[in-house]
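Chemist: Please read through the structure below; I'll follow up with questions.
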Amino acid sequence: MLYLVTNRHIVRGNFLKNIESAVAGGVDRVILREKDLECKELFLLSKYVKVITDRYDVPLIINGNIDVAEKTEAYGFHCGFQDFIENKYKYDGALGVSIHSVEEGIKCEQLGADYILAGHIFETECKKGLPPRGIKFLKEIKRNVSIPIVAIGGIDEKNVKKVIKVGVEDIAVMSYIMKSEDPYYSAKVFKNAI
């Protein structure tokens, strides 16, 4: 499955058109991750994005704001590990958590997360200067958790097979599509590589 994690600050062209093109091209899930927006702004944006995702029957996941996720009646809610631990979130839908260690992954599963987003796997501009965790990291998580793992970080059509070989079939991308001049084509190429 291909997840698109949004970032309107790096998008080429129109943000909503980018999302729609990517979804039309084969994106299976959209995580609206616009961390700098206040609740009201995020809610408004999420309504626009939900019109797009509903049109293509693609689940929308709201990152970082459970109130907006609930008001939008989003398919899922996603948050960071610390936030998840501190707030003991429960969500009437898919509950996802970003993790950066095997221990965090295990803890998320124990506390009821439905999936974990693990990264960053390869070098990526988003995490400049931070060494990637690599395929070994994914293998370790795979050995220790049974909930779905979504891999993220520097994954493209050239290296995605390395991730799939480990048994992780859910992949998330941000820059690959957000920075693309043709999000439809980028999503298609990626899906064909999976």
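Chemist: Would you please list the contacts, defined by Cβ atoms under 7 Å and residues six or more apart or on different chains, that run from a residue in the stretch 4-25 that is among the polar types (S, T, N, Q) to a residue that is in a loop (DSSP other than H, G, I, E, B) and modelled with pLDDT of 95 or more?
Modeler: Cβ pairs passing all conditions: Thr6/Arg33; Thr6/Glu34; Asn7/Arg33; Asn7/Met174; Asn18/Val11.
Chemist: What are the residues in the stretch 1-34 that are modelled with pLDDT under 95 and either among the aliphatic types (A, V, I, L, M) or more than 21 Å from Lys191 (Cα to Cα) (or both), if any?
Modeler: The answer is Gly13, and nothing else.
The values are calculated or read from the model by the stated rules, or taken from the named source; none is laboratory data. All figures in this text were calculated on a predicted structure; none of them were measured in a lab. In this analysis, Cβ positions are derived from the backbone assuming ideal geometry, glycine residues included, and neighbour counts consider all displayed protein chains.
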